[in-house]
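What follows is one structure encoded as structure tokens, with my remarks underneath.
The values are calculated or read from the model by the stated rules, or taken from the named source; none is laboratory data. Note that the coordinates shown come from a computational prediction; the quantities given were computed from them, not determined experimentally. Neighbour counts run over all protein chains shown; Cβ positions are idealised from the backbone, glycine included. These accessible areas exclude ligands, DNA and RNA; they are computed on the full protein's heavy atoms, side chains included. Shrake-Rupley method; radii C 1.70, N 1.55, O 1.52, S 1.80 Å.
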Amino acid sequence: MDKVSNKMEIRQISKTFFASKGYFVAIEDVSFDVRDGEFLVILGPGHCGKTVLLNIVAGLDKQTGGRVLYDGTPMDGVNNQISMVFQKLALMSFKTVMQNVELGLTFRGTPKNERRKISQKYLDLVGLTGFEKSYPYQLSGGMKQRVGIARAYANDPKVLVMDEPFGQLDAQTRYAMQEELLKTWEKDKRTVIFVTNNIEEALYLGDRIVLLSECPAKVKAIYPVDLPKPRDMTGKIFLDLRAEISSNTDLAI
Ligand SMILES: Nc1ncnc2c1ncn2[C@@H]1O[C@H](COP(=O)(O)OP(=O)(O)O)[C@@H](O)[C@H]1O
Ligand SMILES: [Mg+2]
């Protein structure tokens, strides 16, 4: 049977923050599937609730309504099959590149030799061979993001969750990183959930795009992007889709 299998199912998720002076609805009734092996992009304007949603999907925060299913089973807290690449990289400044990539493995008690081997594999994969002993302050912004990606991969997750990982980079580095990430993903495919507020980035990377509204975040539309990768950002289908998504967004994104 040729049935699409879902790695995760996000069902009617909502999130309300309560404070002494009242409450704030950040997410309202958000549902979508994450298919096994796909590169799913969540696209939405700034402050619409993307990070709040992602933390729930990754099991780092709890929703106030709805369910998140992983392999058909409701999630309950942290799931070590899911690894996160954060918007602002939490690299440890006093640890080397290698030690930063090894972090998750160290926590898990993986023996040193094995840790080194796994970390080296992913440092090579993201193009950081030769920088193992460097410290974060010696790296450019793009290289730091690669460390974050290698670190997430080193945990050997089934699902990689990335929260605007290239948001702080200049445009040129950002394009280069998008290309690098695609190459990495082609070589070592994982299910990816990638958040961005940038339409071009979404269209360049995504197999499907979940478009969110402004806050409180709701799903406006889900767009399949049936274009081969790497994609031509000046091709007609690309530009038509870009115009369509753009006309369906609440804010300039
Ligand atoms: N812990 C919190 N308590 C109250 N409000 C929050 C909290 N975390 C996020 N928010 C609010 O939720 C909204 C969405 O935030 P966020 O998900 O970070 O946006 P973005 O789409 O830029 O990632 C923002 O208005 C933010 O102020
Ligand atoms: Mg965010």
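Quick notes on this structure:
- Using a Förster distance of 30 Å, the FRET efficiency for TYR175-GLN81 (Cβ separation, nearest 0.05): 0.50
- Additional length obtainable on full extension of the chain from GLN168 to ASP29, 0.36 nm per residue less Cα span: 47.1 nm
- Value of relative contact order over the range 91-156, rounded to a whole percent, pairs C-alpha under 8 Å and six or more apart: 49
- Extended-chain gain in nm, criterion 0.36 nm per residue less alpha-carbon gap, SER134 and SER247: 36.2 nm
- Counting charges near SER246 (Lys, Arg +1; Asp, Glu -1) among other residues having Cβ under 13 Å from its Cβ returns a value of -2.
- Percent accessible area from carbon and sulfur atoms, the chain, protein chains only, probe 1.4 Å: 51
- Pairwise Cα inverse-distance average, inverted: Kirkwood Rh of the range 91-156 (Å): 11.3
- Spin-label pair LYS95-HIS47: with each label point 7 Å from Cα along the Cα-Cβ axis, the two points sit 3.4 nm from one another.
- Looking at the range 78-170, the trypsin sites (Lys or Arg not before Pro) that sit in a DSSP loop and have at most 11 other Cβ atoms within 10 Å of their own Cβ are LYS88, LYS133.
- When the Cα positions of LEU123, SER5, LEU239 are compared along the charge dipole of the chain, LEU123 comes out farthest toward the positive end, with charges on each C-beta of Lys, Arg, Asp and Glu.
- Shown is the FRET efficiency for ASP61 and LYS236, computed with R0 = 51 Å from the Cβ-Cβ distance and rounded to the nearest 0.05: 0.80.
- Principal axis analysis of the Cα atoms in the range 27-78 yields extents of 31, 26, 19 Å, listed in decreasing size.
- Protein heavy-atom accessible surface, 1.4 Å probe, per residue over the range 1-51: 55 Å².
- Enclosing the Cα atoms of the range 52-106 in their convex hull gives a volume equal to 99 cubic angstrom per residue.
- Neighbourhood charge, 10 Å Cβ-Cβ cut-off, centred on LYS50 and excluding it, Lys, Arg +1 and Asp, Glu -1: -2
- Exceeding the 32 Å Cα-Cα cut-off - candidates LYS62/LYS189; LYS112/LYS183; LYS7/LYS218; LYS50/LYS183; LYS15/LYS133; LYS15/LYS112: LYS15/LYS133; LYS15/LYS112
- Nearest-10 value in Å² for the accessible area of GLU200, using the 1.4 Å probe: 50
- Tensor-based shape of the range 168-222 (alpha-carbon gyration tensor, a/c under 1.5 rounded, otherwise prolate or oblate): oblate
- Ranked by how many other beta carbons lie within 10 Å on average, peptides 57-64, 230-237 from highest: 57-64, 230-237
- Point-to-point label distance, ASP71-ASP156, nm (Cα→Cβ direction, 7 Å offset): 1.4
- Across all directions, the average flat footprint of the convex hull enclosing the Cα atoms of the chain is 15.3 nm².
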